[in-house]
Amino acid sequence: CVSVCPTAALTGVGYIMEAWEALFNPKKKVVIQIAPAVRVAIGEEFGLDSNQFVTGRLVAGLRRLGFDAVFDTTFGADLTVVEESKEIMERVEKNENLPILTSCCPGWINFLTYQFPNLRYMASTCKSPQQMVGAMAKTYFAQKMNIRPEDIVVVSVMPCIAKKYEAGLPGESTFGVRDVDIVLTTRELAKMLKEGSIDLRHMPEEDFD
């Protein structure tokens, strides 16, 4: 999908060093969210079957790597559905900007924006699941844990490098604080786990926060 992102580079930019720096910064609370596709694909990097879910092992490995909380991006997907349902009802009541078009892919949003600018008004204004989780981490979670939003670093693990582009967009912030700070690919995370001597084959099963 990156091929339809005019402002995104075709070559992904790595952020492993930035992730390590955040983890070793005692002044920061570092949380991580995992996209659904990652929990299957990452197992191959450790010699596991390509169709084997390693969700619980991955959560355990991330905690041992030093992350303070591990979130599931599917929670953000649920929030997106709730917000989009509210948005479509408002549009129907006002009988404007119909129909509604929605996608969690920043590449698709750019495709619509640049190839069909006359239809841009149809796109949902809701954040994607990745950004939803980031926003929740720096608002609800921050308040619940009594942490300043600026002291929380949100790391996302996504299957597509277009998500790196999305997280850096000017509008992807809440109350002036960027929703997602670092986006890693599945391979980048696998490399970090190996650098930290974390082998998913030998991890226990743990649940998301």
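Within the stretch 114-144, being hydroxyl-bearing (Ser, Thr, Tyr) and under 24 Å from Gly176 (Cβ atoms) holds for Ser124, Thr125, Ser128, Thr139, Tyr140.
Of everything listed in (1) modelled with pLDDT of 95 or more; (2) not in a helix (DSSP H, G or I), the single unmet condition for Cys104 is (1).
Let's see how each residue does on (1) part of a loop (DSSP other than H, G, I, E, B); (2) small (Gly, Ala, Ser); (3) under 30 Å from Lys28 (Cα atoms):
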position	(1), (2), (3)
Ile42	no, no, yes
Arg63	no, no, yes
Val70	no, no, yes
Phe75	no, no, yes
Leu79	no, no, yes
Glu87	no, no, no
Val92	no, no, no
Glu96	yes, no, no
Pro99	yes, no, no
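Exactly one residue out of Gly43, Gly107, Gly47 is in contact (Cβ under 8 Å) with a residue 60 or more places away in the chain and on the phi > 0 side of the Ramachandran plot, and it is Gly47.
Filtering the stretch 33-52 to residues that are touching a helix residue (DSSP H, G or I) at 6+ places or on another chain (Cβ under 6 Å) and over 13 Å from Pro159 (Cα atoms) leaves Glu45, Phe46, Ser50, Gln52. Taken over the stretch 193-209, the criterion of being over 16 Å from Asp68 (Cα atoms) and part of a helix (DSSP H, G or I) is satisfied by Lys194, Glu195, Leu200, Arg201, His202. Screening the candidates Asp151, Asp199, Asp179, Asp207 for the property of being touching an Asp or Glu at 6+ places or on another chain (Cβ under 7 Å) and of a type outside the set (Val, Ile, Thr) yields one hit, Asp179.
Of the residues making up the stretch 107-145, those that are open to solvent by 40 Å² or more (accessible area, probe 1.4 Å) and touching a Leu at 6+ places or on another chain (Cβ under 8 Å) are Leu119, Arg120, Met136. Checking the structure you have, find out if any residue of the stretch 21-36 is closer than 16 Å to Arg187 by Cβ, at pLDDT below 95 and in a loop (DSSP other than H, G, I, E, B). No: zero hits. Can you pull out every residue in the stretch 50-101 that is within 21 Å of the chain's Cα centre (by Cα) and at positive phi? The one that is within 21 Å of the chain's Cα centre (by Cα) and at positive phi: Gly66.
The values are calculated or read from the model by the stated rules, or taken from the named source; none is laboratory data. As the structure is a computational prediction, the values presented were derived from the model and not from experiment. Neighbour counts are summed over all protein chains in view; Cβ atoms, including those assigned to glycine, are modelled from backbone coordinates with ideal geometry. With ligands, DNA and RNA removed, areas are computed over all heavy atoms of the protein, side chains included. Shrake-Rupley method; radii C 1.70, N 1.55, O 1.52, S 1.80 Å.
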